[in-house]
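The values are calculated or read from the model by the stated rules, or taken from the named source; none is laboratory data. Bear in mind the structure is a predicted one, so any value in this text is a computation, not a measurement. No Cβ is skipped: glycine too gets one built from the backbone with ideal geometry, and neighbour counts run over all protein chains shown. Areas reflect the complete protein model, heavy atoms only, side chains present, ligands, DNA and RNA absent. Shrake-Rupley method; radii C 1.70, N 1.55, O 1.52, S 1.80 Å.
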Amino acid sequence: MNTLPQSVAIIDFGSQSMHLLANKIRNLGAHSVIVNSNITASELKEKNIAGVIISGGPDSVYLENSLSVDTEIFEMGVPILGVCYGHNLIADYFGGTVQPAKVGEYGKVNLEIKKIDSPIFLVKNIIPENSIAWMTHGDEVSELPNGFEIIASTQDCRIAAMQNTEKNIYGFQYHPELSHSEFGVDMLENFIDICGVSGDWTLNDFINEEVEKIKKQCEGRKVFLLVSGGVDSSVCFALLTKALGRDRVFGCLVDHGMMRLNEATEVTKMLSDAGFDLHTEEASEKFLGNLAGLYDPEKKRNSIGNDFLELQAEIAEKMNLNPNEWLLGQGTIYPDTIESGATKNSEKIKTHHNRVERVQIMIEQGLIIEPIVDLYKDEVRKVGTLLGLSDALISRHPFPGPGLGVRVLCAEKENTLENTEELEQEINQKLEKYIDILKEKISVKILPIKSVGVEGDKRSYKHPVVLYSEKIPVLTAKNLEKLGGIASDIANSISEINRVLISVSGNFISEKFEVKNSQMTKERIATLQKCDAIVRSAIFGREDCKNIWQFPVVLAPVFIDGKEAIILRPIESENAMTAVAAPLSKDVLETIVERIQKEVPEISSIFYDLTGKPPGTIEWE
Ligand code: XMP
């Protein structure tokens with residue numbers, strides 16, 4: 001008899017949100033395991049599987065050598081749910097047709113349920129006939145496989161969901177695991193119910209299991225933990241300390257010169273108030289020196305990641321720490337690994353600082369400990385609370401390890417981007433159909449820089465477009481829903497564009513933006529620090545800003561009259577896997593704009609980023 005708990009297996013095809021399926025299933029109290037796409041049906045049976053979810057991924061089923069699944073799995077007799085690529089794989093195997101979609105959908109769509117009595121829409125939670133679902137796909141099932149029927153559609157995707165109830169197999173083109181899919185979790189709960197699994201797994205079990213694992217991995221050794229003062233590294237510090245005691249965890253904060261204004265002092269105080277001692281190492285010369293002459297976002301990220309490792313080794317040597325007695329601790333969480341392309345079938349969107357190649361090698365050598373690597377931010381926060389950390393620490397906005405290093409955009413060459421008129425005209429024509437929302441004349445300018453985005457689990461690197469209206473836009477939740485829809489429409493249908501901004505500085509630009517050689521200098525960092533501090537003080541303690549999950553402020557080398565641009569990027573999110581632009585009340589926006597215009601003479605344009613994730617990412621590079 002199998003003694004393992006009954007689980008739902010998630011077969012990993014590399015989707016950016018594959019692991020989130022496991023997170024949602026865990027939150028529903030059921031045990032879940034993630035398995036590689038090459039697992040066999042008999043291996044699955046040994047794991048005591050009650051149901052299978054086939055994840056999404058960046059591949060296309062109609063390509064030669066595309067990734068597949070052991071087809072015996074379809075005959076195991078357990079309920080199966082295919083999501084995105086998984087949906088396409090099911091269609092392909094059972095004789096349907098999958099091809100590039102006429103219209104790729106990235107972001108919010110209206111999902112219309114065609115078969116309200118499908119068990120997946122009914123068995124535990126009743127799903128309404130019309131709701132919002134989150135899509136990110138360039139392929140679609142264009143013809144149903146034998147024995148299947150359509151159970152939901154969107155305007156541009158006829159077979160958005162299908163089922164074969166006899167075989168207990170379901171397919172969703174959309175992503176139920178993404179928090180912006182309104183009833184996604186309810187549908188997953190229905191699936192768990194169909195599988196007949198239940199459980200009482202909680203994060204307290206996680207803490208107990210993890211403490212045992214840490215003790216085992218660290219037997220006879222101590223941990224050198226790089227702490228940024230963000231939520232993840234602080235929770236990691238607390239968890240390691242719980243398992244090993246204070247004497248065996250050495251916390252070190254690296255001031256790489258790209259922190260926020262006064263951040264190092266604030267973090268040290270906060271952690272010391274929580275009872276943790278922190279060593280601080282000033283290393284801005286090293287980090288900034290190595291960034292000189294780097295412009296490409298990935299090169300910058302790799303330089304910063306490698307400098308963290310080198311510095312750790314230098315400090316250890318200076319302190320005479322025997323390398324055989326120390327492991328390197330990192331507060332890595334799941335989105336860091338998936339975006340860095342570190343799981344088997346996933347694509348690299350961006351290299352997070354804790355996933356550079358040298359870290360990957362050290363992981364293989366067993367030299368790294370990352371106790372919260374399977375968790376998402378919402379779970380990390382709950383673990384932090386269970387460990388007794390203060391609300392002030394737990395509720396801090398996430399801040400990336402490379403700090404302002406990924407928010408000061410650099411540019412190598414002078415560039416004005418020629419021949420954009422035709423494209424700008426195309427976008428203008430598109431905007432005509434939104435005239436009732438926009439209400440006034442809009443002019444359009446494509447910026448001569450690029451930023452990173454994510455489309456259908458793949459990295460994009462494309463131009464942003466700015467919309468100018470004669471009045472400062474009203475960024476209420478209601479307006480943003482519509483403006484966000486316009487942004488998705490433009491980014492989804494114009495292949496050169498992946499972000500849409502709206503000017504909030506009130507000026508209507510007629511001349512061209514100039515790009516000049518712009519590097520990572522102390523002066524540019526100081527300019528961004530000033531703008532970032534203004535933003536922080538404007539939103540601090542405000543009830544109407546509580547929904548802002550993170551607020552990156554980005555310095556972009558697009559010059560008018562010798563002055564650069566600032567991009568405001570407040571977002572709402574649950575776990576960083578999806579995001580939407582966050583509302584800003586009129587007075588908060590006005591305060592930010594007026595203060596930047598008055599106090600930061602290096603800036604001329606101020607933009608607000610309307611783009612969701614996908615097709616954008618939260619950070620710009
Ligand atoms: P993106 O920009 O990929 O960011 O949507 C997702 C979340 O991750 C944060 N981020 C990082 N965090 N090291 C980190 O610790 C990094 O290198 C890194 N890059 C992005 C980002 O701020 C957002 O919360």
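Taking the residues in region 376-404 that are within 13 Å of the ligand (Cβ to nearest atom) and in a loop (DSSP other than H, G, I, E, B) as candidates, determine which candidate is surrounded by the fewest Cβ atoms within 10 Å (Cβ to Cβ). Going through the qualifying residues, I end up with His397.
Among the residues making up region 174-198, those that are surrounded by fewer than 20 Cβ atoms within 10 Å (Cβ to Cβ) and either at positive phi or assigned to a loop (DSSP other than H, G, I, E, B) (or both) are Glu182, Gly196, Ser198. Of the listed requirements (1) surrounded by fewer than 22 Cβ atoms within 10 Å (Cβ to Cβ); (2) assigned by TED's automatic domain parsing to the domain that holds Gln330; (3) not in a loop (DSSP other than H, G, I, E, B), Val223 misses just one: (1). Counting only strands (runs of 3 or more DSSP E) that fall entirely inside region 562-621 and contain at least 3 residues that are more than 16 Å from the ligand (Cβ to nearest atom), the qualifying elements are 563-568, 603-609.
Restricting attention to region 6-60 and to residues that are surrounded by fewer than 21 Cβ atoms within 10 Å (Cβ to Cβ) and part of a strand (DSSP E or B), the residue that is modelled with the lowest pLDDT turns out to be Val33. None of Lys318, Lys299, Lys269 is within 16 Å of the ligand (Cβ to nearest atom), open to solvent by 20 Å² or more (accessible area, probe 1.4 Å) and not small (Gly, Ala, Ser) except Lys299. Any residue that is of a type in the set (Gly, Ala, Ser), within 15 Å of the ligand (Cβ to nearest atom) and either under 21 Å from Leu20 (Cα atoms) or touching a residue at least 60 places away in the same chain (Cβ under 8 Å) (or both) - is there at least one of those in region 304-315? Yes; the residues of region 304-315 include at least one that is of a type in the set (Gly, Ala, Ser), within 15 Å of the ligand (Cβ to nearest atom) and either under 21 Å from Leu20 (Cα atoms) or touching a residue at least 60 places away in the same chain (Cβ under 8 Å) (or both).
Please work out if Pro464 is assigned to a loop (DSSP other than H, G, I, E, B), open to solvent by less than 20 Å² (accessible area, probe 1.4 Å) and not aromatic (Phe, Trp, Tyr).
So Pro464 does not fit the description; no.
For region 358-370, which residues satisfy the criterion of being within 15 Å of the ligand (Cβ to nearest atom), open to solvent by less than 40 Å² (accessible area, probe 1.4 Å) and in contact with a Leu (Cβ under 8 Å, 6 or more places away or on another chain)? Answer for region 358-370, where residues must be within 15 Å of the ligand (Cβ to nearest atom), open to solvent by less than 40 Å² (accessible area, probe 1.4 Å) and in contact with a Leu (Cβ under 8 Å, 6 or more places away or on another chain): Val359, Ile368. The set of residues in region 321-357 that are more than 12 Å from the ligand (Cβ to nearest atom) and modelled with pLDDT of 95 or more comprises Glu325, Trp326, Leu327, Leu328, Gly329. Within the option set Gly51, Gly95, Gly86, Gly82, being in the same structural domain as Gln163 (by TED's automatic domain parsing), touching a Ser or Thr at 6+ places or on another chain (Cβ under 8 Å) and touching a residue at least 24 places away in the same chain (Cβ under 8 Å) holds for one residue only, Gly86. Say we look at region 405-422 and pick out the residues that are under 29 Å from the mean Cα position of the chain (by Cα) and farther than 30 Å from Ser233 by Cβ; which of these is farthest from the ligand (Cβ to nearest atom)? Among those residues, the one meeting the criterion is Glu412. Can you say whether Glu619 is outside the structural domain of Leu447 (by TED's automatic domain parsing) and either among the small types (Gly, Ala, Ser) or open to solvent by 10 Å² or more (accessible area, probe 1.4 Å) (or both), as far as the supplied structure shows? Taking the combined requirement at face value, the residue satisfies it. Counting only residues that are in contact with a Lys or Arg (Cβ under 8 Å, 6 or more places away or on another chain), within 26 Å of Leu240 (Cβ to Cβ) and not hydrophobic (A, V, I, L, M, F, W, C), how many does region 278-309 have? Number satisfying all stated conditions: 4.
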